[in-house]
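The values are calculated or read from the model by the stated rules, or taken from the named source; none is laboratory data. A quick note: this is a predicted structure, and the numbers were derived from the prediction, not measured. Backbone-built Cβ (ideal geometry, glycine too); neighbour counts: all protein chains shown. Ligands, DNA and RNA are excluded from the accessible area calculation, which covers all protein heavy atoms including side chains. Shrake-Rupley method; radii C 1.70, N 1.55, O 1.52, S 1.80 Å.
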Amino acid sequence: MFDHILVPLDGSSLAECVLPHVVAVAKALDARVTLLRVLEHAQITDRLQSVDPLGWHIRKAEAEADLEGVRLRLQGFGLRAQSVLLEGHAAERIIEYAHENGVDLIILSSHGRSGLSGWNVSSIVLKIILRVYLPVMIVRAYQAVPADPGSLRYRRLLVPLDCSRRAECVLSLATTLARHHEAELLAAHVVSRPQMPRWAPPTQEDVELAGRIVERNRLEGTRYLKQLKSRLDVNVRTSVLLSDHAAATLHDLVEQAKVDLVILSAHGHSGGTKWPYGSLVINFVGYGTTPLLIVQDLSPDEVDSTTAEILARERKGH
């Protein structure tokens, strides 16, 4: 299922906030771990300035030593770990390595060496998750982490579902994690009120129609979650919620239920192939405050290329 986990690091303590989650996930999945660091050449703005070979060699040696130290720490927790040092642009090299080396999951810190910012994820993380087309886990660097990486236990996992088979691609991973950590799996379905844009207030007929649709969807969602619970062999709690804004309701649920990890499918029933993620995933990337695990249901070949990607490839060919 998920046999190879890639963990990009940059030598900062913020980037290493992922380590407790790496231990928690890798042990549950019995997966091997690759620690990856990319050394980026500093941009030269002064034409008279040149790269200092000695300084570069020292930086490289320090990076190798840092990676080796982290690798040994993970081995101390019983993980199979290796380290890789590359050079180039971080996001591009990380994506290339993941595609060329059979990576099944990437675990990323939301921020690294550049420090915390008002943005929920750094620019490098955003580039990776938008282009890698693989399952990714984002750990929020601004949250406290256990001093002992081996002590992290997930107590409650939130899995939002929309009754589609497509969204169920998360279940195998979610149940494996729940079983290993003896955690509660909270399966939630949000019933949205139908949108009825009008130039005048809705009529009584409109209100009754909307009410019938909501009730029908609530019953279907309740039946679905009941059937789902009966076929999962872990501790499952179900929740059907009525909302005008699904994302906001789920964020509130995360806080109220004290969720440790949110697990989302990249797309639900309404998702196509034009973009790598649906609107709910993008919302949680941009505004979520807990660790987020996104299971990608599309391969790179199935996602439509953006105009920027197409033009960049064309220009490289000239």
Quick one: length gained pulling Asp148 to Gln204 fully straight, 0.36 nm per residue minus the C-alpha distance? 14.2 nm
From phi via Karplus (6.51, -1.76, 1.60), per-residue ³J(HN,Hα) for the range 285-296 in Hz, x at Gly/Pro: 4, x, 10, x, 10, 10, x, 10, 10, 10, 9, 7
Theoretical gain in end-to-end length, Asn101 to Arg218 [0.36 nm per residue, Cα-Cα removed]: 37.7 nm
Computed [θ] at 222 nm, deg cm²/dmol, the chain (DSSP H ≥ 4; -39,500 (n - 2.57); rounded to nearest 500): -12500 deg cm²/dmol
Virtual paramagnetic centre 7 Å along Cα→Cβ of Arg165, amide N under 17 Å, in the range 298-316: 298-299
Of the listed peptides 156-162, 79-85, 32-38, what is their order by residue-averaged count of other C-beta atoms within 10 Å, with the highest listed first? 156-162, 32-38, 79-85
Write down the accessible area per residue of the range 163-269 in Å², having rolled a 1.4 Å probe over the full set of protein chains. 57 Å²
With the contact rule set at Cα under 8 Å and sequence spacing of 6 or more, what percent relative contact order holds for the chain? 19 percent
Need one number: nm distance between label points at Arg231 and Arg59, each 7 Å from Cα along Cα→Cβ, rounded to one decimal. 5.3 nm
Over the range 54-182, what percent of the accessible surface lies on carbon and sulfur atoms, probe 1.4 Å? 52 percent
Sequence order, the range 68-77: Karplus ³J(HN,Hα) from phi using 6.51 cos²θ - 1.76 cosθ + 1.60, θ = phi - 60°, Hz rounded, Gly and Pro as x, gives 5, x, 5, 4, 5, 5, 5, 4, x, 9
For the Ser12, Gln75 Cβ pair and Förster radius 30 Å, calculated FRET efficiency rounded to 0.05 is 0.90
Once phi is turned into θ = phi - 60°, what whole-Hz ³J(HN,Hα) does the Karplus curve with 6.51, -1.76 and 1.60 give for every residue of the range 233-241, x standing for Gly and Pro? 9, 10, 6, 10, 10, 10, 8, 10, 10
Using a Gaussian network model of the chain with C-alpha springs under 10 Å, which one of Gly118, Gly278, Gly11 is most mobile by mean-square fluctuation? Gly118
The range 98-140 - percent relative contact order, Cα under 8 Å, separation 6 or more: 58 percent
Non-local Lys pairs in the chain, i.e. 8 or more apart or on different chains, that have alpha carbons under 24 Å apart: 6
So, in nm, how far is label Trp119 from label Met196 when the simple model puts each one 7 Å beyond its Cα toward the Cβ? 4.2 nm
Per the C-alpha gyration tensor (a ≥ b ≥ c, the square roots of its eigenvalues), the range 168-318 is rounded if a/c is under 1.5, else prolate if a/b beats b/c, else oblate; here it's oblate
